[in-house]
Amino acid sequence: MQHQNRPPSGGRLPAAYFAIMTTSRPPADILTQTRTTAVAATMQQIRAIIGAALEPTPQQLEQVAACLRQLAALGGLFPDAHFPGPDEGVAETLYLLSEDDDLNNALYLYRPAPGMSTPPHDHSTWAVIAGIEGEEPNTVWQSGTAPESGLQISRRFSVGPGQSACFTHDQIHSIAIAGERAIKHLHLYGHSLLDLPRRRDFNAADGSSWPQTEKPLVLPPQSLTAASHA
Ligand SMILES: [Fe+2]
């Protein structure tokens, strides 16, 4: 599922958003507080939509995507100073924005560098992505007619600012980042990326798959001290 419509206007987001959006460079602590409030409000909305469902319906995921697009539209809350792109030679950087105590509903700010690409993979949990800055080209794969016939491309699309996409736990996709600089997107997963032992990578040629054992490096947002001197 891919969505390109504008974020809904009926969300209950803090009034402090508007102060941030109209201030050219708010103090880092105010910005962090406002972002924390915005993320918490968004996740509260999302928890209310999903409830206890481990595998939300497509309709629920579309509602979650609308909430995430609304948060992603507030790009001023996610400055490079707080969320720098990957260092030279590093493919991607993930920043943890929110996570429930049971590791469910894990929200990250994702910054993959140009040239970063993944093999086809599933997530073993639902996922919703929303664009803040740059384009995230996606390829969705499906199994061939026979087990040994490999994967076939189902569709391709790009998620940019104002756009989103949803994936069920068993959908297979890959991404390949182009452009000039690290993109900046929100990635929300049903469960922590550090605790998905059933997640699998695939060989598109023969359809074989194996557990994805490499865990990503997940960072907190850049410290306020560093950010205030950026
Ligand atoms: Fe993925």
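What follows is calculated from the coordinates using simple rules that are stated; it is not laboratory data. Because the structure is predicted, anything quoted here is derived from the model rather than measured. FYI the Cβ positions are ideal-geometry reconstructions off the backbone, even for glycines, and counts take in every protein chain you see.
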Could you give each residue of the stretch 125-134 its phi-based ³J(HN,Hα) in whole Hz, using Karplus coefficients 6.51, -1.76, 1.60 with θ = phi - 60°, and x for Gly or Pro?
7, 5, 8, 9, 10, 9, x, 10, 8, x
Output the relative contact order of the stretch 2-220, whole-number percent, from Cα pairs under 8 angstrom with separation of 6+ residues.
24
Among the trypsin sites (Lys or Arg not before Pro) in the stretch 150-230, which ones are in a DSSP loop with at most 16 other Cβ atoms within 10 Å of the Cβ? Mind listing them?
ARG181, ARG198
Evaluate the distance, in nm, between pseudo-label points positioned 7 Å from the Cα of GLU148 and of SER208 along their respective Cα→Cβ axes.
1.3
Distance between modelled label sites at LYS215 and ALA178, nm, 7 Å Cα→Cβ extension:
3.5
With 0.36 nm assigned to each residue of separation and the Cα-Cα distance removed, ASP100 to ARG156 gains 17.0 nm
Taking amide H positions as placed in the peptide plane 1.01 Å from N, state which residues far from SER158 in sequence (5 or more) or on other chains have amide H under 5 Å from it.
ASN138
For the stretch 112-187, which GluC sites (Glu not before Pro) are in a loop by DSSP, counting at most 12 other Cβ atoms within 10 Å?
GLU180
